[in-house]
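Note sheet for the following structure.
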Amino acid sequence: MLKTINQAVINDRPYLITLLGKLVEIPTISEPGVNYGRFVKVLEKECKKIGLKTKIIKVTDKKFINSLKEECRKNPRYILMAYWNTGAKKTLHFNGHYDVVPASLGFSKNPFKLNIKGDKIIARGAADMKSGIVAMLSAVRALKILKIKPAWNLEFSFVPDEEIGGYCGSGYICHKKIPKADVVIEGDGGGGNSLTVAHRGIVGFRVTVIGKAVHAALHTKGVNAFLKAVKIVNELEIFRNKIEKRKSKYYAKAPISKIATMMIGGLSSGGLKSNSVPDKFTFTIDRRVIPEESMKKARKEIVDLINSVVKKDGTFKVKIEVSEATHSSIEKDAPICKLLGSILEEYYGRKPLMLITGGRLDSAFFSQVLKKPTLAFGVNGTNYHADDEYTTGKDIITAAAIYARLMCKGY
């Protein structure tokens, strides 16, 4: 069956290229969140064309809207749900995000037009992850063409804001208990002969050190917030070496992806004038938390360390703001891992890799909030978030064929 499905997708290549072109041409940049409504209308039309029922959800809950930066709140957030009810006992849910990061200046051509070189497809969103959405719809279309009934009820969520945390996208539908899934496939991860079974969480800190401003000529009478921040950073750097000895049990192509990490100073600012002692200095900390660690403990370790420096010094104060995006994992012997793994082995002739990814995915909302087994598998790509981001037609076809086979094979 897999060969038959694969050939059907190959024969339908003009459709998937045309659809990807339509989606890429709508620049759905997550901050501030532009063109979301336009994109969802286009995608809904495509879903209906292949026989899926649809529902557009507008995020109206102020709790979620107010989590966005102020400049993003004026732009509505829309989620497109799509369904194929086959009367099966279980529902397989596919999730994909349609927002993209801004286009970098080094693109060789217009980043919001497909630039096709042989089989290579270059555009912002070509890899991350509008091609994944195309693969999902191509899989459905192939089954419709072949008149094959899926073994599951199929449910799809196409969401915004994954690139800025996902709270108004996957987070919204999961907290509102909208998906009726038994199993979830996250389309933003894996690819080729690999499955993403885990991703790290993030604890972000914004630390504001509060000192006392005086004229530079009298600097000993003030409290230099910058120098006090340096004291904190020095202790954090010592602790970072301890943190980064912690390793996950999951395999990673890039070794650092399985390590607990801490990066200090991604953003930093302070002071008003060069001849004044700075009374405030702010810096950020990006703490990547492996699945084996507790998010709560990871947060507490940093907060306690900072407070200990403040207490020992006694001359300054701090304000600590914390944000979190939890990690996610699934055991390699979970039924969905075995099922999708067997399909990949059938396709490639060898067992797939089971990976942890260094970034975060929306998987955590489905696994941690909905408590559903969630596995990430998508379209292979290159130059994510970078110049000349690209995927290939072959990679989209492969993902679509794998998705279609999974749709037909229940457990």
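Remarks
- Condition check for S138: among the small types (G, A, S), under 26 Å from G201 (Cα atoms) and modelled with pLDDT of 95 or more: no
- Cβ pairs under 8 Å, 6+ apart, first in region 172-188 and assigned by TED's automatic domain parsing to the domain that holds D362 and small (G, A, S), second buried (at least 24 other Cβ atoms within 10 Å of the Cβ) and in a loop (DSSP other than H, G, I, E, B): G187/M129; G187/F377; G187/G378; G187/V379
- Within region 292-329, being touching a strand residue (DSSP E or B) at 6+ places or on another chain (Cβ under 7 Å) and either aliphatic (A, V, I, L, M) or without any contact (Cβ under 8 Å) to a residue 12 or more places away in the chain (or both) holds for M295, A298, I302, V303, I306, V310, V318, I320, V322, A325.
- Answer from G132, G125, G165, G191 - the residue that is under 16 Å from T392 (Cβ atoms), modelled with pLDDT under 95 and crowded, with 17+ Cβ neighbours inside 10 Å: G191
Yes or no, residue by residue, for (1) out of contact with any strand residue (DSSP E or B) (no Cβ under 8 Å at 6 or more places or on another chain); (2) closer than 23 Å to K409 by Cα:
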site	(1), (2)
I121	no, no
R124	no, no
M129	no, no
L137	yes, yes
R141	yes, yes
L146	yes, yes
E155	no, yes
P160	no, no
G165	no, no
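- Those residues of region 236-255 which are closer than 17 Å to D286 by Cβ and either at pLDDT below 95 or surrounded by 12 or more Cβ atoms within 10 Å (Cβ to Cβ) (or both), in sequence order: L236, F239, R240, I243, E244, R246, A254
- Members of region 46-66 found to be surrounded by fewer than 18 Cβ atoms within 10 Å (Cβ to Cβ) and of a type outside the set (A, V, I, L, M), listed by number: K48, K49, G51, K53, T54, K55, K58, T60, D61, K62, K63, N66
- When region 368-384 is filtered for residues that are on the phi > 0 side of the Ramachandran plot and in contact with a strand residue (DSSP E or B) (Cβ under 9 Å, 6 or more places away or on another chain), only N383 remains.
- Filtered by the rule that a residue be out of contact with any Ser or Thr (no Cβ under 6 Å at 6 or more places or on another chain), crowded, with 20+ Cβ neighbours inside 10 Å and either under 21 Å from V159 (Cα atoms) or of a type in the set (D, E) (or both), region 373-403 gives L375, F377, G378, E389, D395, A399, Y403.
- A Cβ distance below 6 Å, combined with a sequence gap of six or more or placement on separate chains, defines the contacts here; from region 30-45, residues that are within 15 Å of G125 (Cβ to Cβ) and in contact (Cβ under 8 Å) with a residue 40 or more places away in the chain reach residues that are assigned to a helix (DSSP H, G or I) and among the charged types (D, E, K, R) in the pairs S30/E163.
The values are calculated or read from the model by the stated rules, or taken from the named source; none is laboratory data. All values reported here derive from a predicted model rather than from experimental measurement. Virtual Cβ from ideal backbone geometry, glycine too; neighbours counted across all protein chains shown.
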